[in-house]
Each structure stands twice: as structure tokens, then as C-alpha cells.
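Note sheet for the following structure.
The values are calculated or read from the model by the stated rules, or taken from the named source; none is laboratory data. Just so it is clear, the model here is predicted, and its values are computed rather than measured. Cβ placement follows ideal geometry from the backbone for every residue including glycine, while neighbour counts extend to all protein chains displayed.
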């Protein structure tokens, strides 16, 4: 029966994303919801000028609609764990939406100030921590494969803030090539759908698993419009939402460590930016041709499609390894 529910979840998410994409993309074009490209990318990405952003609305809307439909059809139940995941999903989607809206309104690449974005993320993380702890969860750093449980007390609140912020910004940094962040996120959510189903100790684990599969289907539907040549970009609306939700699901299912493996490409992209910035401050020279690292591949002459395919393969292999450690071992 679970296979039927998984298939239904993926299918509903996918079909609704197609519908919302067909409806919303012309609207985004009409209101000129596009943003300026970086001056360092205008030559290589000049064909993308004018492509609408805020496409994250497509898979956010289709996922929420799918959840509502499946609840009405009594194919999925409203659980406390699902509420926490939906809270994270919607909250970070709104933060990203505000950022995209300001960028479009001001007709430049300046949206929310870093301090404003961090404050909003802090508020959401604190609420998440409160919701998480009142459900009798312990502040444990849990490494399943090694059977290690470490009680880190109130530091767990800071840990949650770090996971949500780091994962959301990591996906945001990776969203620089057509289909790159979307494809990697789809792989990650499919993986977490499987891992969530095997966390039988979690109240509402089935609902969390089905949410991941619904979002997987919705992202696939979005990729129909986002793969090269992209007709729409997900924007911060989508990237912040996807990254934070990955982090939120990882915390709920106690797979925070596996999140590093599942999102290895996101980690590498983020580290490349940190290393580049640090190296430049120390030497006034660039270590990589350009950061994030996917742009360095472009500078070296790689085609965009080849870079995306390579990174997808790396993400897929990492996810298969994670499933092996998270489920089989």
C-alpha cells in the first residue's frame, strides 16, 4: 500500500507543478519578474537575461495543494511532524519571496539586507526549536550508523539554527545553472523520503516521507520548465525554501550527519565560496577562477549541461551511499 501512496504522491505533485508552471510563468513574464545577472556572468549567460524568477512558487504551490488534496481524500493524515515540516517549508518560502520581490521592485540584485535575512531565519529557527522540543524530543546529536547519541543541551538550539541557515544558503548558492539546484534537491528529497519511512520511532514518519515524495514530484514538474534552456528560475523563493526544508527533515529524522553526504554538492559549492573569500582576503588573489565552483567549470570551458549532469551524478551516488548507511546498515 505504501508503494501506491508513494506513486500517487509523486504523480500528484508532478502534475500540479506542470499545471502551475503553465499558468504562472506567463504571469511572471507579464509582470517582468526578472532580475539582473551578475556583471561577471552577463557574457556567458546573456541569453538568460529577462528570464523570470520566483519560480519556486510553482513547486511550493503544487506541494501545498497536493497535501490538501491528499488530506481531503484521506490518503494522508495531519501529524505533528508534518506540521513542523510545513512550517519550515512555508516560512523560508516567504523569506525568499520577500527577497525576490524587493529585487524585482528595485530592479537590481539588492533584496533583503543580510542582517534582515539572518534575523528572519533566526526567528523561524527559534520557533522550529520550540515546536521540536515541546513534542518531547531530546537535544541529541544522533549518528545512527555508529549508534552514537550525544546530548548537547541548549546548544541544540544553535545547532538547529546552523543546520537550517547553512542548508538554505547552500542550495541558494548552488542555484546558478539551469536545473542544477532543482535536480540535486529532487534527488535529496527522494532520498529523505526513503530515509523518513524507515524512522518508525518518529510520530508521523509516514506523513513526512510522503511529503518528501510529493515535493520530489513537484520539483520534477518544475524542472520541465527549469532545465536548460530555463524558462523560469526558482529564485530565493525556491532555493531558501528547499534548503531549509531539507535541513528541517534531517533534524526531525535525526539524519543531520547524513545530510552532509546527501547534500555533498551543496557542501562543496558552499565551501568553494568560503575558501575563495578567505583566500582572497589573505592574498588578494583568487584560488578558483570563480565561485561557487560550478562557475569555475564554466570558466574552464565546460558546457552548462555537462556541469549539471556531472553534479547530478555526484549527488545521486552520494544519495545511494546515504540510503545504504541510513537504511541497510
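Across the stretch 69-98, the number of residues qualifying as within 21 Å of residue 128 (Cα to Cα) and assigned to a helix (DSSP H, G or I) comes to 19.
Report yes if some residue within the stretch 263-276 is part of a loop (DSSP other than H, G, I, E, B) and either at pLDDT 95 or above or touching a helix residue (DSSP H, G or I) at 6+ places or on another chain (Cβ under 7 Å) (or both); otherwise report no. For the stretch 263-276, residues part of a loop (DSSP other than H, G, I, E, B) and either at pLDDT 95 or above or touching a helix residue (DSSP H, G or I) at 6+ places or on another chain (Cβ under 7 Å) (or both): present.
Select from the stretch 159-171 the residues that are buried (at least 24 other Cβ atoms within 10 Å of the Cβ) and more than 8 Å from the chain's Cα centre (by Cα) and list them in ascending order. 164, 170 - these are the residues of the stretch 159-171 that are buried (at least 24 other Cβ atoms within 10 Å of the Cβ) and more than 8 Å from the chain's Cα centre (by Cα).
The one condition from (1) in contact with a helix residue (DSSP H, G or I) (Cβ under 7 Å, 6 or more places away or on another chain); (2) closer than 30 Å to residue 324 by Cβ that residue 111 does not meet is (2). Within the bounds of the stretch 257-277, is there any residue that is surrounded by fewer than 24 Cβ atoms within 10 Å (Cβ to Cβ) and closer than 26 Å to residue 25 by Cβ? Looking for residues that are surrounded by fewer than 24 Cβ atoms within 10 Å (Cβ to Cβ) and closer than 26 Å to residue 25 by Cβ, one finds none in the stretch 257-277, hence no. If the condition is being buried (at least 20 other Cβ atoms within 10 Å of the Cβ) and part of a helix (DSSP H, G or I), then the stretch 221-240 contributes 221, 222, 223, 225, 226, 235, 236, 237, 238, 239, 240. State whether one or more residues within the stretch 167-183 are within 13 Å of residue 251 (Cα to Cα) and modelled with pLDDT of 85 or more. There is at least one residue in the stretch 167-183 that is within 13 Å of residue 251 (Cα to Cα) and modelled with pLDDT of 85 or more.
Condition (residue is closer than 27 Å to residue 83 by Cα and touching a helix residue (DSSP H, G or I) at 6+ places or on another chain (Cβ under 6 Å)) applied to the stretch 287-296: is it met by at least one residue? No, the stretch 287-296 has no match at all.
Every condition in (1) within 29 Å of residue 233 (Cα to Cα); (2) assigned to a loop (DSSP other than H, G, I, E, B) holds for residue 185 except the one numbered (2).
Among the residues making up the stretch 15-49, those that are closer than 29 Å to residue 214 by Cβ and either at pLDDT below 65 or in contact with a strand residue (DSSP E or B) (Cβ under 6 Å, 6 or more places away or on another chain) (or both) are 28, 29, 33, 34.
Only a single criterion out of (1) closer than 17 Å to residue 180 by Cβ; (2) buried (at least 20 other Cβ atoms within 10 Å of the Cβ); (3) touching a residue at least 24 places away in the same chain (Cβ under 8 Å) is not satisfied by residue 291, namely (3).
Would you say residue 190 is part of a helix (DSSP H, G or I) and either modelled with pLDDT under 95 or crowded, with 24+ Cβ neighbours inside 10 Å (or both)? Answer is no for this residue.
Of all residues in the stretch 106-113, none satisfies being assigned to a helix (DSSP H, G or I) and at pLDDT 85 or above.
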